[in-house]
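Since the structure comes first, as C-alpha coordinates, the remarks are kept for the end.
The values are calculated or read from the model by the stated rules, or taken from the named source; none is laboratory data. On a predicted model such as this, the values are computed, not experimentally measured, just so you know. No Cβ is skipped: glycine too gets one built from the backbone with ideal geometry, and neighbour counts run over all protein chains shown.
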Amino acid sequence: MNKEEFIKAVNELNINITSKQLKDLDTYYQMIIDYNKHTNLTRITDEKEVYLKHFYDSLTLVKVINLNNELLLDVGTGAGFPGIVLKIFFPNLDVTLVDSLNKRIVFLNLVIEKLGLKKIKTINERAEEYALNNRETFDIVTSRAVANLNILSELCIPFVKKEGYFIAMKGTINEELKNAENAIKTLGCVIKETITFELPNDAGTRTLIKIKKRSKTSDKYPRKFNEIKKKPL
Ligand code: SAM
(Lines give C-alpha, C1' and ligand atoms only; values in the text may rest on other atoms or scores of the structure.)
Protein backbone atom coordinates (compact mmCIF):
# COMPACT_ATOMS: atom_id res chain seq x y z
CA MET A 1 0.00 0.00 0.00
CA ASN A 2 1.66 3.20 -1.13
CA LYS A 3 1.15 6.48 0.74
CA GLU A 4 -1.69 7.60 -1.52
CA GLU A 5 -3.50 4.30 -1.05
CA PHE A 6 -2.88 4.54 2.69
CA ILE A 7 -4.40 8.03 2.93
CA LYS A 8 -7.42 6.96 0.90
CA ALA A 9 -7.99 3.80 2.95
CA VAL A 10 -7.63 5.69 6.24
CA ASN A 11 -10.07 8.36 5.06
CA GLU A 12 -12.49 5.55 4.28
CA LEU A 13 -12.32 4.62 7.96
CA ASN A 14 -13.56 8.21 8.57
CA ILE A 15 -10.21 9.27 9.96
CA ASN A 16 -8.67 12.50 8.72
CA ILE A 17 -4.90 12.61 8.29
CA THR A 18 -2.77 15.67 8.92
CA SER A 19 0.68 16.21 7.42
CA LYS A 20 2.09 15.98 10.97
CA GLN A 21 0.59 12.51 11.40
CA LEU A 22 2.09 11.39 8.07
CA LYS A 23 5.46 12.76 9.13
CA ASP A 24 5.22 10.94 12.48
CA LEU A 25 4.45 7.67 10.70
CA ASP A 26 7.46 8.17 8.43
CA THR A 27 9.70 8.77 11.44
CA TYR A 28 8.21 5.73 13.22
CA TYR A 29 8.76 3.58 10.11
CA GLN A 30 12.42 4.65 9.90
CA MET A 31 12.92 3.91 13.59
CA ILE A 32 11.44 0.42 13.16
CA ILE A 33 13.80 -0.30 10.27
CA ASP A 34 16.87 1.00 12.10
CA TYR A 35 16.14 -0.81 15.37
CA ASN A 36 15.14 -3.99 13.56
CA LYS A 37 18.70 -4.22 12.16
CA HIS A 38 20.01 -5.25 15.59
CA THR A 39 16.90 -6.22 17.60
CA ASN A 40 13.97 -8.19 16.29
CA LEU A 41 10.77 -6.13 16.21
CA THR A 42 8.95 -7.38 13.12
CA ARG A 43 9.53 -9.59 10.10
CA ILE A 44 7.59 -7.11 7.94
CA THR A 45 9.99 -4.38 6.82
CA ASP A 46 8.99 -3.41 3.28
CA GLU A 47 7.55 0.11 3.54
CA LYS A 48 4.35 -0.59 1.64
CA GLU A 49 3.75 -3.70 3.71
CA VAL A 50 4.34 -1.91 7.01
CA TYR A 51 1.86 0.82 6.02
CA LEU A 52 -0.75 -1.82 5.19
CA LYS A 53 -0.20 -4.67 7.64
CA HIS A 54 0.88 -2.64 10.66
CA PHE A 55 -0.26 1.00 10.32
CA TYR A 56 -3.55 0.63 8.45
CA ASP A 57 -4.39 -2.65 10.20
CA SER A 58 -3.95 -0.99 13.62
CA LEU A 59 -6.43 1.73 12.68
CA THR A 60 -9.16 -0.73 11.68
CA LEU A 61 -10.08 -0.89 15.37
CA VAL A 62 -12.32 2.14 14.66
CA LYS A 63 -14.61 -0.15 12.68
CA VAL A 64 -16.07 -1.31 16.00
CA ILE A 65 -15.46 1.52 18.48
CA ASN A 66 -15.25 5.32 18.65
CA LEU A 67 -12.00 6.59 20.06
CA ASN A 68 -11.82 9.88 21.96
CA ASN A 69 -10.24 10.37 25.37
CA GLU A 70 -10.64 6.88 26.84
CA LEU A 71 -8.07 4.98 28.87
CA LEU A 72 -6.80 2.36 26.42
CA LEU A 73 -4.50 -0.57 27.17
CA ASP A 74 -2.64 -2.47 24.45
CA VAL A 75 -1.59 -5.91 25.74
CA GLY A 76 1.53 -7.40 24.10
CA THR A 77 2.04 -4.31 21.98
CA GLY A 78 5.40 -5.47 20.53
CA ALA A 79 6.70 -2.69 18.28
CA GLY A 80 3.59 -0.61 19.11
CA PHE A 81 0.72 -2.21 17.22
CA PRO A 82 -1.95 -1.06 17.53
CA GLY A 83 -1.12 1.27 20.49
CA ILE A 84 1.40 3.70 19.00
CA VAL A 85 -0.50 4.09 15.74
CA LEU A 86 -3.75 4.79 17.61
CA LYS A 87 -1.96 7.37 19.75
CA ILE A 88 -0.65 9.20 16.68
CA PHE A 89 -4.16 9.45 15.19
CA PHE A 90 -6.13 9.95 18.41
CA PRO A 91 -3.95 12.26 20.53
CA ASN A 92 -6.57 12.58 23.29
CA LEU A 93 -6.51 8.86 24.04
CA ASP A 94 -4.71 7.92 27.25
CA VAL A 95 -2.63 4.93 26.16
CA THR A 96 -0.80 2.26 28.17
CA LEU A 97 1.44 -0.18 26.31
CA VAL A 98 2.38 -3.38 28.08
CA ASP A 99 4.89 -5.94 26.90
CA SER A 100 6.94 -8.55 28.73
CA LEU A 101 9.99 -8.08 26.48
CA ASN A 102 12.26 -5.27 27.65
CA LYS A 103 13.95 -4.74 24.26
CA ARG A 104 10.55 -3.79 22.78
CA ILE A 105 9.79 -1.42 25.66
CA VAL A 106 13.17 0.29 25.16
CA PHE A 107 12.24 0.83 21.50
CA LEU A 108 8.76 2.15 22.35
CA ASN A 109 10.24 4.66 24.81
CA LEU A 110 12.53 5.95 22.05
CA VAL A 111 9.54 6.38 19.72
CA ILE A 112 7.48 8.17 22.37
CA GLU A 113 10.33 10.55 23.07
CA LYS A 114 11.20 11.21 19.42
CA LEU A 115 7.57 11.89 18.44
CA GLY A 116 6.89 13.87 21.63
CA LEU A 117 3.81 11.77 22.41
CA LYS A 118 1.95 12.72 25.60
CA LYS A 119 -0.52 10.76 27.75
CA ILE A 120 1.14 7.46 26.90
CA LYS A 121 3.19 5.11 29.06
CA THR A 122 4.97 1.79 28.70
CA ILE A 123 4.97 -1.09 31.17
CA ASN A 124 7.59 -3.83 31.02
CA GLU A 125 5.68 -6.61 32.71
CA ARG A 126 3.69 -9.69 31.90
CA ALA A 127 0.03 -8.76 31.51
CA GLU A 128 -1.12 -11.26 34.11
CA GLU A 129 1.23 -9.66 36.65
CA TYR A 130 0.38 -6.06 35.74
CA ALA A 131 -3.31 -7.00 36.14
CA LEU A 132 -2.85 -7.68 39.84
CA ASN A 133 -2.76 -3.96 40.67
CA ASN A 134 -4.65 -2.58 37.70
CA ARG A 135 -7.93 -4.46 37.69
CA GLU A 136 -11.09 -2.91 36.20
CA THR A 137 -9.13 0.22 35.24
CA PHE A 138 -9.35 0.66 31.47
CA ASP A 139 -12.25 1.72 29.21
CA ILE A 140 -10.83 -0.20 26.25
CA VAL A 141 -8.35 -3.07 26.21
CA THR A 142 -7.06 -4.34 22.89
CA SER A 143 -4.51 -6.85 21.72
CA ARG A 144 -3.22 -8.08 18.37
CA ALA A 145 -1.34 -11.30 17.61
CA VAL A 146 -0.61 -12.35 21.19
CA ALA A 147 -2.51 -15.57 22.03
CA ASN A 148 -5.60 -17.62 21.27
CA LEU A 149 -8.78 -15.90 22.35
CA ASN A 150 -9.50 -18.21 25.32
CA ILE A 151 -6.06 -17.46 26.82
CA LEU A 152 -6.06 -13.82 25.70
CA SER A 153 -9.42 -13.20 27.34
CA GLU A 154 -8.02 -14.13 30.74
CA LEU A 155 -5.00 -11.87 30.15
CA CYS A 156 -7.09 -8.88 29.02
CA ILE A 157 -10.60 -8.90 30.52
CA PRO A 158 -9.57 -8.39 34.19
CA PHE A 159 -8.25 -4.94 33.16
CA VAL A 160 -11.56 -3.77 31.66
CA LYS A 161 -13.89 -1.46 33.64
CA LYS A 162 -17.51 -2.49 33.98
CA GLU A 163 -19.31 -1.40 30.78
CA GLY A 164 -15.93 -1.12 29.02
CA TYR A 165 -14.70 -3.19 26.07
CA PHE A 166 -12.07 -5.75 25.19
CA ILE A 167 -11.45 -5.80 21.45
CA ALA A 168 -9.40 -8.69 20.09
CA MET A 169 -7.73 -8.02 16.73
CA LYS A 170 -7.50 -11.33 14.89
CA GLY A 171 -6.94 -12.90 11.49
CA THR A 172 -9.11 -15.83 10.49
CA ILE A 173 -10.62 -17.28 13.65
CA ASN A 174 -12.41 -20.55 12.75
CA GLU A 175 -13.01 -22.41 16.03
CA GLU A 176 -11.26 -19.82 18.19
CA LEU A 177 -14.37 -17.85 19.09
CA LYS A 178 -16.36 -20.92 20.04
CA ASN A 179 -13.50 -22.20 22.18
CA ALA A 180 -13.38 -18.86 24.04
CA GLU A 181 -17.09 -18.53 24.79
CA ASN A 182 -16.79 -20.07 28.24
CA ALA A 183 -13.79 -17.91 29.17
CA ILE A 184 -15.55 -14.71 28.06
CA LYS A 185 -18.65 -15.54 30.11
CA THR A 186 -16.71 -16.70 33.18
CA LEU A 187 -14.73 -13.46 33.19
CA GLY A 188 -17.94 -11.37 33.25
CA CYS A 189 -18.34 -10.43 29.59
CA VAL A 190 -20.57 -10.86 26.56
CA ILE A 191 -19.66 -10.82 22.87
CA LYS A 192 -21.28 -7.70 21.38
CA GLU A 193 -20.11 -7.90 17.81
CA THR A 194 -17.77 -9.82 15.54
CA ILE A 195 -16.80 -8.37 12.18
CA THR A 196 -14.71 -9.94 9.45
CA PHE A 197 -13.23 -8.02 6.55
CA GLU A 198 -10.45 -8.22 3.97
CA LEU A 199 -7.44 -5.94 4.13
CA PRO A 200 -6.87 -4.05 0.86
CA ASN A 201 -4.55 -5.52 -1.79
CA ASP A 202 -5.40 -9.12 -0.82
CA ALA A 203 -3.37 -8.77 2.36
CA GLY A 204 -5.55 -11.17 4.31
CA THR A 205 -8.68 -11.62 6.37
CA ARG A 206 -9.13 -9.77 9.64
CA THR A 207 -11.62 -10.27 12.45
CA LEU A 208 -12.45 -7.85 15.24
CA ILE A 209 -14.21 -9.30 18.27
CA LYS A 210 -15.88 -6.70 20.47
CA ILE A 211 -16.48 -7.97 23.98
CA LYS A 212 -18.34 -5.97 26.64
CA LYS A 213 -17.78 -6.18 30.39
CA ARG A 214 -21.05 -6.77 32.20
CA SER A 215 -19.84 -7.66 35.68
CA LYS A 216 -16.66 -7.56 37.73
CA THR A 217 -14.16 -10.34 37.02
CA SER A 218 -13.57 -12.69 39.94
CA ASP A 219 -10.31 -12.01 41.79
CA LYS A 220 -9.31 -15.57 40.90
CA TYR A 221 -8.37 -14.32 37.42
CA PRO A 222 -5.94 -13.94 35.81
CA ARG A 223 -4.19 -17.05 37.11
CA LYS A 224 -0.46 -17.66 36.66
CA PHE A 225 0.42 -18.04 32.99
CA ASN A 226 1.34 -21.72 33.17
CA GLU A 227 -2.08 -22.46 34.69
CA ILE A 228 -3.89 -20.36 32.07
CA LYS A 229 -2.04 -22.22 29.35
CA LYS A 230 -2.40 -25.68 30.86
CA LYS A 231 -6.11 -25.28 31.62
CA PRO A 232 -7.67 -22.45 29.59
CA LEU A 233 -11.13 -21.49 30.85
N1 SAM B 1 0.81 -6.62 19.08
C2 SAM B 1 2.01 -6.60 18.27
C3 SAM B 1 1.67 -6.78 16.81
O4 SAM B 1 0.52 -7.07 16.50
O5 SAM B 1 2.57 -6.63 15.96
C6 SAM B 1 3.04 -7.63 18.73
C7 SAM B 1 2.68 -9.04 18.48
S8 SAM B 1 3.97 -10.16 18.99
C9 SAM B 1 3.64 -11.57 17.99
C10 SAM B 1 3.45 -10.65 20.62
C11 SAM B 1 3.94 -9.72 21.72
O12 SAM B 1 3.27 -10.02 22.93
C13 SAM B 1 5.42 -9.86 21.98
O14 SAM B 1 6.05 -8.60 21.96
C15 SAM B 1 5.48 -10.50 23.39
O16 SAM B 1 6.61 -10.06 24.13
C17 SAM B 1 4.18 -10.01 23.99
N18 SAM B 1 3.60 -10.89 25.03
C19 SAM B 1 3.29 -12.21 24.91
N20 SAM B 1 2.73 -12.66 26.05
C21 SAM B 1 2.66 -11.59 26.89
C22 SAM B 1 2.18 -11.43 28.24
N23 SAM B 1 1.64 -12.43 28.92
N24 SAM B 1 2.27 -10.20 28.78
C25 SAM B 1 2.82 -9.16 28.10
N26 SAM B 1 3.29 -9.27 26.85
C27 SAM B 1 3.21 -10.46 26.25
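Check Leu108, Leu93 and return the single one that is within 25 Å of Pro222 (Cβ to Cβ), buried (at least 18 other Cβ atoms within 10 Å of the Cβ) and within 15 Å of the ligand (Cβ to nearest atom). Explain how you work it out, then say what you get.
On the way: Leu93 fails: within 15 Å of the ligand (Cβ to nearest atom).
Matching residue, one of Leu108, Leu93: Leu108.
Run down Asn201, Asn182, Asn150 and say which single residue is within 15 Å of the ligand (Cβ to nearest atom) and of a type in the set (S, T, N, Q).
Details: Asn201 fails: within 15 Å of the ligand (Cβ to nearest atom); Asn182 fails: within 15 Å of the ligand (Cβ to nearest atom).
Sole residue among the options that is within 15 Å of the ligand (Cβ to nearest atom) and of a type in the set (S, T, N, Q): Asn150.
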Expected single match for polar (S, T, N, Q), out of contact with any Ser or Thr (no Cβ under 9 Å at 6 or more places or on another chain), closer than 21 Å to Tyr28 by Cβ and surrounded by fewer than 20 Cβ atoms within 10 Å (Cβ to Cβ) among Asn124, Asn102, Asn133 is Asn102
Working only within the range 145-166, note down all residues that are within 13 Å of the chain's Cα centre (by Cα) and surrounded by fewer than 24 Cβ atoms within 10 Å (Cβ to Cβ). Ala145, Val146, Ala147, Tyr165
Just give me the residues in the range 16-40 being more than 18 Å from Glu113 (Cα to Cα) and in contact with a helix residue (DSSP H, G or I) (Cβ under 6 Å, 6 or more places away or on another chain), in sequence order. Ile17, Thr39
Which condition from (1) within 9 Å of the ligand (Cβ to nearest atom); (2) within 26 Å of Glu193 (Cα to Cα) is the one that Glu125 breaks? (2)
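Taking the range 2-18 as the search range and keeping residues that are hydrophobic (A, V, I, L, M, F, W, C) and part of a loop (DSSP other than H, G, I, E, B), which one is surrounded by the fewest Cβ atoms within 10 Å (Cβ to Cβ)? Outline the logic, then answer.
Restricting attention to the range 2-18, the residues satisfying the condition of being hydrophobic (A, V, I, L, M, F, W, C) are 6-7, 9-10, 13, 15, 17.
Among the residues that remain, those that are also part of a loop (DSSP other than H, G, I, E, B) are: 13, 15, 17.
Values: Leu13: 13, Ile15: 15, Ile17: 17.
Once the filter is applied, the top-ranked residue is Leu13.
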Which numbered condition trips up Asn133, out of (1) within 13 Å of the ligand (Cβ to nearest atom); (2) free of Cβ contacts under 8 Å to residues at least 24 places away in the same chain? (1)
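Which residue, of Glu113, Glu4, Glu70, is over 30 Å from Phe159 (Cα atoms) and either touching a strand residue (DSSP E or B) at 6+ places or on another chain (Cβ under 9 Å) or free of Cβ contacts under 8 Å to residues at least 60 places away in the same chain (or both)?
Details: Glu113 fails: over 30 Å from Phe159 (Cα atoms); Glu70 fails: over 30 Å from Phe159 (Cα atoms).
It is Glu4.
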Of all the residues that make up the range 148-175, how many are charged (D, E, K, R), over 18 Å from Pro222 (Cβ atoms) and modelled with pLDDT of 95 or more? 2
